[in-house]
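What follows is one structure encoded as structure tokens, with my remarks underneath.
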Amino acid sequence: MIYFALAKGRLAEESAGLLARCGVDTAVLYEETRKLVLTSADGRYGFLLVKPSDVPVYVEAGVADLGIVGKDTLIEENRDLYEMLDLGFGECRMCIAGYPNRRDVLTNAHLRVATKYVNTAKRLYAERGEDAEIIALHGSIELAPVTGLADVIFDVVQTGSTLKANGLVVLEEVFTGITARLVANKVSLKLNRELLPLIERIKECIQ
Ligand code: PRP
């Protein structure tokens with residue numbers, strides 16, 4: 001049996017679609033249920049549906065053999081696992097964003113940055129030798145500059161529509177090419193003989 005940790009949210013639909021195209025029976029993922037552990041009808045696959053930031057946790061621990069999660073989350077979590085494939089979908093950028101007419105805040109001696117990528121933001125500003133107060137939020141990050149909680153945000157931008165709807169713009173692109181990735185547990189990859197053939201099938205599917 002192969003256990004997958006799948007990120008709920010914006011990558012969920014395409015993750016399930018890709019696995020189905022690769023011959024994984026994913027019908028159970030479309031059932032109306034509050035169950036968090038799902039098993040395919042043929043008993044070959046288990047699916048753990050978790051928050052994106054928890055995917056690397058389950059895969060590193062070996063509770064899940066494989067996971068599908070955004071590169072943004074992998075950068076943030078920095079876990080001990082193998083990144084096997086760039087799946088290409090869910091592309092976005094990690095950006096610093098704020099008000100277009102307030103670019104001057106970037107030179108603030110004490111910049112307030114709201115983000116859900118706290119580790120990445122801390123690393124970024126430390127590497128630059130800039131003093132920044134990192135304000136940890138869990139969602140609706142764009143609200144922070146709008147309400148005055150922060151000067152700027154550090155967040156993923158996909159279509160740009162959330163920024164636009166809130167009068168914000170990208171001030172700096174920090175990481176581009178942020179896409180969904182297939183990750184594997186290091187021990188599972190050695191011990192579970194079904195993993196490599198499946199990873200090969202997924203590789204062929206995305207080509
Ligand atoms: C993400 C991100 C932005 C938005 C960007 O939030 O934090 O808010 O998507 O996408 P866009 O450029 O296409 O508008 P998400 O929808 O994952 O929800 P959250 O606010 O709960 O984090």
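The values are calculated or read from the model by the stated rules, or taken from the named source; none is laboratory data. This one's a predicted model, so the numbers in the text were calculated from it and none came from an experiment. Quick reminder, even Gly has a Cβ in these numbers, built from the backbone with ideal geometry, and neighbours come from all protein chains shown. All accessible areas refer to the heavy atoms of the entire protein, side chains included, with ligands and DNA or RNA removed. Shrake-Rupley method; radii C 1.70, N 1.55, O 1.52, S 1.80 Å.
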Accessible surface ranking that places the most exposed of 116, 164 first, with a 1.4 angstrom probe: 164, 116
Which of 94, 1, 84 is most accessible, then next, and so on - probe 1.4 Å: 1, 84, 94
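From the cross-link list 71/203; 8/71; 35/116; 51/71, which pairs have alpha carbons spaced over 23 Å apart? If you can, show how the numbers build up before the last one.
Working: 71/203 17 Å; 8/71 15 Å; 35/116 26 Å; 51/71 14 Å.
In this structure, 35/116 lie more than 23 Å apart at Cα.
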Mean residue ellipticity (222 nm) of the chain, computed from DSSP H runs ≥ 4 via -39,500 (n - 2.57), nearest 500: -8000 deg cm²/dmol
Of all accessible heavy-atom area on region 92-176, the percent that carbon and sulfur account for (1.4 Å): 50
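Treating only the Cβ atoms of Lys and Arg (+1) and Asp and Glu (-1) as charged, compute the dipole magnitude of the chain about its Cα centre; round to the nearest 20 debye. If you can, show how the numbers build up before the last one.
Numbers: 24 positive and 29 negative charges, 34 e Å.
In total the dipole reaches around 160 debye.
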Alpha carbon centroid spacing (whole Å) that separates region 15-40 from region 118-156: 35
Long-range amide H partners of residue 135 with built H, under 5 Å: 113, 114, 115
Selected from 137, 38, 85 as most flexible by GNM, with the chain as the system and alpha-carbon contacts under 10 Å: 137
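Keeping every protein chain present and rolling a 1.4 Å probe, give me the accessible area per residue for region 96-196 in Å². Let's see the in-between values first.
Details: 5370 Å² over 101 residues.
Per residue, region 96-196 has 53 Å² of solvent-accessible surface.
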